[in-house]
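> Here it is: the structure, laid out below.
The values are calculated or read from the model by the stated rules, or taken from the named source; none is laboratory data. All of these numbers come straight from a predicted model, not from anything done at the bench. Don't worry about glycine lacking a Cβ; one is built from the backbone with ideal geometry, like all the others, and counts go over all protein chains shown. All accessible areas refer to the heavy atoms of the entire protein, side chains included, with ligands and DNA or RNA removed. Shrake-Rupley method; radii C 1.70, N 1.55, O 1.52, S 1.80 Å.
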Amino acid sequence: AGGPRGSWCSCKRPFVDQIDQPFSSMQKGGSIARAAHRWPAAALRRFSSGGGSPGIFEMRKYTLKPEKAGKYLSALEAYGDVRKRLLPLRLFALPETGGQLFVATHLYSYRDIAEREEKRAKAIQDAEWLAFLSETNECLSTTESSIYVEAKATLEACGLDG
């Protein structure tokens, strides 16, 4: 179902082709920030939950060294107020079963890419944040970041709340 590339739901119309163009620059070495800025505002509104710029979600996954997982979790607790002051954390989770264990997942929400860049630039100037990073860096074996734009029109077409 869906467009020529298929879809995970029985949507009433395909959406993939409508958002592919901005990401073609990323495949050629571009960045998500540059790709997102190429989307026309009207197209972004179609895929978002609000009338203005859509919110974005950043999912950051940190694979922890098993022997350092306790230290990482203790640091998260100790520096919780710093994180709360600097970054819009919406979810922190660790897998219980299924998939890879010892992966700390953080979900952040931002108004747009510009707000993300602004908040991250401010955080990297903060002495307490730098202390947290210094303390936890040895606990990590890999890091991953993915940015998502809510696709409200797709959710609605699939009969889901957006």
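> Checking the cross-link filter: which aspartates and glutamates have an alpha carbon closer than 19 Å to that of K68, excluding same-chain neighbours under 8 positions apart?
Straight-line reach from K68, under 19 Å: E77, E96, E135, E138, E144.
> If I stretch the segment between K61 and Q100 completely, what's the gain in nm (0.36 nm per residue apart, minus their alpha carbon distance), one decimal?
12.9 nm
> Please report the projected area of segment 55-162's Cα convex hull averaged over all directions, in nm².
7.9
> Then there's this: Carbon-plus-sulfur fraction of the accessible area of segment 72-162, 1.4 Å probe, in percent?
C and S fraction of accessible area: 49 percent.
> What do you get for GluC sites (Glu not before Pro) in segment 81-162 restricted to DSSP loop and a cutoff of at most 11 other Cβ within 10 Å of the site's Cβ?
E96
> Still on this structure, please answer the following. If I model a spin label at S145 and L133 as a point 7 Å from the Cα along the Cα→Cβ vector, what separation in nanometres do I get?
Between S145 and L133, the label points sit 1.0 nm apart.
> How much length, in nm to one decimal, is gained on full extension between E117 and S74, taken as 0.36 nm per residue of separation minus their Cα-Cα distance?
12.8 nm
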